[in-house]
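Take a look at the structure set out below.
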Amino acid sequence: MTESEIRLDRECPDVPPLTSAMLSDEQLFDAEGKPHPQVLADHFVSEGRLTESQTARILTRATAMLREEPNLVRVKAPVVIVGDIHGQFYDLLKMFEVAGAMPPNSRFVFLGDYVDRGYFSVECFLYLLALKIHHPNDVIMLRGNHECRHLTRHFTFRIECVYKYSEALYDACMSAFDALPLAAVVSDQLFCVHGGISPDLQTLEDVNQIHRISDPPKSGLFCDLLWSDPDPKFGSESLLTPVFPPNTVRGCSYRYT
């Protein structure tokens, strides 16, 4: 093929091209130093990236906010409760569209697992943190079992951080993960958590007694809130069924009946 025969037109001209431009600080942050969520979303939709200093500003501010929240966050209904996102940024935006309103016109509780598996884990986490910074009482972000050092190294998040940014970004995300609350209660009726209940959970106050600013341990209430699962025979147990049989599939924690 000669140079004159090489096609320079795009195969799908109606699909916007990806961007190579970087946002300036003036474009990304408002007068109070808060990141504009919509500017960030539009930039990420075009697969744009931020500078290292911009990601550090978002993560540092959000981590400080998250550390001030209790282990157990109390939320008033109505709320939209959102499960695993796993790096699917475009699905995350679609979820907000289906919900029908953005914060602060609607309140959201996210149950964790923002990262790994999908290709846009960094974008998902930074965008949700931007929303959290602007609407701290309307965006509740809980910790999932993937928000830890072990799984993010085993799956894809650390690789994605280093490929798109650096090891320093990964370390900053780990600090943010450590600060995430562990559970929420909606209108004193719904107990929201990534995993499930635990034999060590007797009262809600037990959750607030956990020292959460660390990687999750391999056993105990902290572990169970992130890792326990409903038993496959849930609803059809016999009187001889253990209430909390070992979770042999996970290799840790329990199944609850």
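The figures follow:
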| quantity | calculated |
| --- | --- |
| Surface accessible to a 1.4 Å probe, residue 248 within the full protein complex, Å² | 120 Å² |
| Selection from 211, 166, 142 lying farthest towards where the dipole of the range 116-249 points positive, charges on Cβ | 166 |
| Rotationally averaged projected area of the range 85-136 (alpha carbon convex hull; nm²) | 3.3 nm² |
| Whole-Å semi-axes of the ellipsoid equivalent to the chain (Cα gyration tensor, √5λ, descending) | 36, 22, 18 |
| Inverse of mean 1/r across different Cα pairs in the range 147-257, Kirkwood, Å | 15.7 Å |
| Extension gain (nm, one decimal) between residue 18 and residue 137, 0.36 nm per residue minus Cα-Cα | 39.5 nm |
| Using alpha-carbon coordinates, inclination of helix 167-179 to the longest axis of the chain, degrees | 40 degrees |
| Gain in span if fully extended, residue 233 to residue 190, counting 0.36 nm per residue against the direct Cα distance | 13.2 nm |
| Amide H contacts of residue 81 (H built 1.01 Å from N, under 5 Å, at least 5 apart or other chain) | 109 |
| Whole-Hz ³J(HN,Hα) from phi, Karplus 6.51 cos²θ - 1.76 cosθ + 1.60, for the range 117-132, glycine and proline x | 6, x, 8, 10, 5, 4, 5, 4, 5, 5, 5, 5, 5, 4, 5, 4 |
| Built amide H within the under 5 Å cut-off of residue 117, gap 5+ | 156, 157 |
| For residue 254, residues with placed amide H under 5 Å, excluding near neighbours | 228, 229, 247 |
| Where 211, 36 fall by accessible area, highest first, once all protein chains stay in place (1.4 Å) | 211, 36 |
| Relative contact order, percent, the chain [alpha-carbon distance under 8 Å, six or more residues apart] | 17 percent |
| Among 234, 202, 75 the positive-end extreme of the charge dipole of the chain (Cβ point charges) | 202 |
| Whole-Hz couplings from phi, Karplus 6.51/-1.76/1.60, listed for the range 33-45; x for Gly and Pro | x, 8, x, 6, x, 6, 4, 5, 4, 4, 5, 6, 4 |
| Set 132/233; 132/164; 34/164; 34/218 screened for pairs whose C-alpha atoms are more than 32 Å apart | 132/233; 34/218 |
| Rounded to the nearest 10 Å², the accessible area of residue 34 at probe 1.4 Å | 40 Å² |
| Using alpha carbons only: equivalent-ellipsoid semi-axes of the range 38-89, gyration tensor based, whole Å | 26, 18, 10 |
| Residue 240 paired with residue 202, simple spin-label distance in nm, labels 7 Å along Cα-to-beta-carbon | 3.0 nm |
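The values are calculated or read from the model by the stated rules, or taken from the named source; none is laboratory data. Note that the coordinates shown come from a computational prediction; the quantities given were computed from them, not determined experimentally. Heads up, the Cβs are rebuilt from the backbone with ideal geometry, glycines too, and the neighbour counts pull from every protein chain shown. Side chains included, ligands, DNA and RNA excluded: accessible areas come from the protein's heavy atoms. Shrake-Rupley method; radii C 1.70, N 1.55, O 1.52, S 1.80 Å.
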